[in-house]
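Bear in mind that the values in this text are calculations on the coordinates, not laboratory data. Since this is a predicted model, take the numbers as computed values, not measurements. Neighbour counts are summed over all protein chains in view; Cβ atoms, including those assigned to glycine, are modelled from backbone coordinates with ideal geometry.
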Amino acid sequence: MITKDLIFNKIAYFCAKIELNNMVFLTRRARFNAAHKLWVEEWSAEKNKEIFDKCANENFHGHNYTLFVTVKGDPDPVTGMLINAKHLSKIIKEEVTEKLDHKNLNLDIDFIPKGMQTTCENLAILIWQIIEPKLQQCQLHCVKLQETENIYTEYFG
Ligand SMILES: [Zn+2]
């Protein structure tokens with residue numbers, strides 16, 4: 001039986017589908033290398049090692065990070081672009097990778113609060129907070145940060 005609710009649900013479904021279909025996504029990849037240490041002062045060295053493994057190394061250790069920044073929106077009718085890829089690269093480079101590359105994430109970075117665990121999860125959130133206000137003509141969709149070949153975090157704001 002066709003009810004009013006069913007019709008409204010169908011309409012809502014198709015509207016959501018149209019909205020997604022019209023959306024274009026663009027991803028820029030960037031790389032940086034940095035040192036960090038994951039440690040909880042209140043815990044014993046054994047417990048820190050057990051929980052954080054290699055990331056609890058006493059004198060820090062490094063990762064080769066890969067950052068993926070995905071933006072979304074409608075392409076500009078004249079240029080056909082969501083955002084000029086050069087402009088997006090410049091934002092990522094100047095605001096994030098140049099500041100983090102070959103640095104100690106626990107000690108050297110002004111936008112990383114002292115004492116914050118420098119996990120992939122926390123870094124992805126911070127990177128979102130830095131990049132998001134710099135975008136005008138498109139929206140930030142995802143910050144993906146890969147710490148190792150097998151582990152990455154995705155943050156959608
Ligand atoms: Zn680590």
**OP:** DSSP loop (so not H, G, I, E, B), at most 14 other Cβ within 10 Å: list which trypsin sites (Lys or Arg not before Pro) in region 98-151 pass both filters.
**Re:** 114
Original post:
Which of rounded, prolate, oblate describes the chain, given a ≥ b ≥ c as roots of the alpha-carbon gyration tensor eigenvalues and a/c under 1.5 marking rounded, otherwise prolate only if a/b is larger than b/c?
Top reply: oblate
**OP:** Quick one, could you list the DSSP H helices from the chain stretching 15 Å or more along their long axis (Cα atoms) with average Kyte-Doolittle hydropathy of 0.5 or above?
**Re:** 120-131
**OP:** Given a cut-off of 27 Å, name the pairs among 37/86; 54/103; 37/93; 47/93 whose C-alpha atoms lie farther apart than that in the structure shown.
**Re:** 37/86; 47/93
Original post:
Within region 110-149, which GluC sites (Glu not before Pro) sit in a loop by DSSP and count at most 12 neighbouring Cβ atoms inside 10 Å?
Top reply: 149
